[in-house]
Amino acid sequence: MKYLIFLSLCALGLSASAAKPNIIFVLIDDMGWSGTSVQIDPNVSASKSSLYQTPQLEKLADAGICFTNAYAPGPMCTPSRAGILTGKTPAEVRMTTPGGGGRTQNYQKLAGGSKDSSLSTDLDTIAKSLQSAGYATAHLGKWHIGRTGPEAYGYDLHDGSTGNEPPNSSPDNPKDIFGINQRAFDFMQQQSQSGTPFYLQLSHYAVHSPVEARASSKARFKDVPSRGRTDTAGLAAMTYDIDDSIGQLRAKIKALGIADNTYLVVMSDNGGTGGGPRRGSDGALNAGKGSLHEGGIRVPFFAEGPSIAAGALSRESITGCDLYPTFCDWADAPIPDGLA
């Protein structure tokens with residue numbers, strides 16, 4: 001199953017560009033399957049939020065492909081991020097829960113078992129493979145894969161071994177959303193000017209709690225009532241901010257003149273925090289973050305780039321572990337044994 005993204009794209013008649021394409025991967029934190037204003041599945045009305053407004057993701061879905069059955073590697077942040085980075089399941093890399101403890105919450109379906117507190121630096125990673133293919137690599141934003149920083153896993157530029165708390169946040173830059181973007185823009189411009197293909201991962205701290213959003217975004221949703229202890233209006237505002245950042249990113253790709261040779265992939269690291277037996281439900285799905293039910297692992301997934309048909313839809317079941325071999329194929333880089 002680890003090559004299904006590539007297989008599904010091929011089924012749509014897609015292929016990598018003749019020149020090595022740039023690859024930009026945006027990982028949103030805690031955005032549930034029904035956490036956007038895109039109707040992820042045309043046959044399921046509840047796959048579109050009645051609250052959240054994500055006009056930029058709507059534009060991305062219209063311009064590229066939307067997968068209705070996309071899954072995070074795990075139901076929580078650290079396991080998912082390790083799975084995406086290595087193309088291996090969280091169990092394979094012994095990172096099944098965040099942090100160093102072995103506790104299992106009553107809403108989790110798998111015991112933590114024996115696990116590592118840091119990911120082995122001997123493992124193949126997306127960044128290492130693309131580095132070997134001549135790519136400049138960058139990881140900006142939340143790391144949260146143990147104490148060892150991104151440089152040990154193949155990233156030339158990074159923000160360090162960061163956790164849930166953004167190091168830079170202000171009223172105009174909540175959750176460092178727009179700071180991450182600006183650092184990404186600087187990296188993109190530098191590589192474009194030098195003619196170097198690049199792999200760039202933007203790992204956002206939003207929409208993870210606590211709620212932070214611009215005043216203008218909060219004003220937009222000021223009349224939305226809270227649901228119990230949940231700041232529903234604040235979550236809607238934070239979602240609007242992260243969506244706006246994606247619009248700015250797409251605009252920068254076009255301004256640099258690299259849109260015809262750049263892939264953009266957007267997904268979430270796990271289900272939304274509106275779910276789980278202790279949290280209610282995640283729209284159309286059962287449970288949410290922390291659970292292996294659909295609401296904990298099924299996520300929105302969009303991609304655009306060279307030869308990807310506008311408005312395409314795939315019902316192929318895919319996971320974040322499929323990104324590694326897919327990116328290698330796009331970059332004409334060798335795919336490590338066991339991932340093809």
Could you list, ordered by first residue, the pairs with Cβ atoms under 9 Å in which the first is in region 236-253 and without any contact (Cβ under 8 Å) to a residue 60 or more places away in the chain and the second is open to solvent by less than 30 Å² (accessible area, probe 1.4 Å), at least 6 apart or interchain?
A237/P174; A237/A213; A237/S217; A237/F221
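Residues of region 286-340 being of a type in the set (A, V, I, L, M, F, W, C) and open to solvent by 20 Å² or more (accessible area, probe 1.4 Å), which ones?
Of region 286-340, the ones of a type in the set (A, V, I, L, M, F, W, C) are 287, 292, 297, 299, 301-303, 308-310, 312-313, 318, 321, 323, 327-328, 330-331, 333, 335, 339-340.
L292, I297, A309, A310, L313, I335, A340, listed by residue number.
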Please list, ordered by first then second residue, the pairs with beta carbon atoms under 6 Å, 6 or more apart or interchain, first in region 35-51 and closer than 19 Å to S317 by Cα, second of a type in the set (D, E) and outside any loop (DSSP other than H, G, I, E, B).
V38/E58
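Mind counting the residues in region 245-261 that are of a type in the set (V, I, T) and assigned to a loop (DSSP other than H, G, I, E, B)? Explain how you work it out, then say what you get.
The first filter runs over region 245-261 and keeps only residues of a type in the set (V, I, T), leaving 246, 253, 258.
Filter again for assigned to a loop (DSSP other than H, G, I, E, B), leaving 258.
Counting residues in region 245-261 that are of a type in the set (V, I, T) and assigned to a loop (DSSP other than H, G, I, E, B) gives 1.
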Could we say that V266 is closer than 16 Å to D30 by Cβ, open to solvent by 40 Å² or more (accessible area, probe 1.4 Å) and among the hydrophobic types (A, V, I, L, M, F, W, C) here?
no
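Determine, yes or no, whether D172 is over 19 Å from the mean Cα position of the chain (by Cα), open to solvent by 10 Å² or more (accessible area, probe 1.4 Å) and without any contact (Cβ under 8 Å) to a residue 40 or more places away in the chain. Talk me through it step by step, then tell me what you get.
On the way: over 19 Å from the mean Cα position of the chain (by Cα): yes; open to solvent by 10 Å² or more (accessible area, probe 1.4 Å): yes; without any contact (Cβ under 8 Å) to a residue 40 or more places away in the chain: no.
No, not satisfied.
The values are calculated or read from the model by the stated rules, or taken from the named source; none is laboratory data. Since we're looking at a predicted model, the values are computed, not measured. When we count neighbours, we look across all protein chains shown, and the Cβ atoms used for this are built from the backbone with ideal geometry, even at glycine. Just the protein is used for accessible areas: all its heavy atoms, side chains included, with ligands, DNA and RNA removed. Shrake-Rupley method; radii C 1.70, N 1.55, O 1.52, S 1.80 Å.
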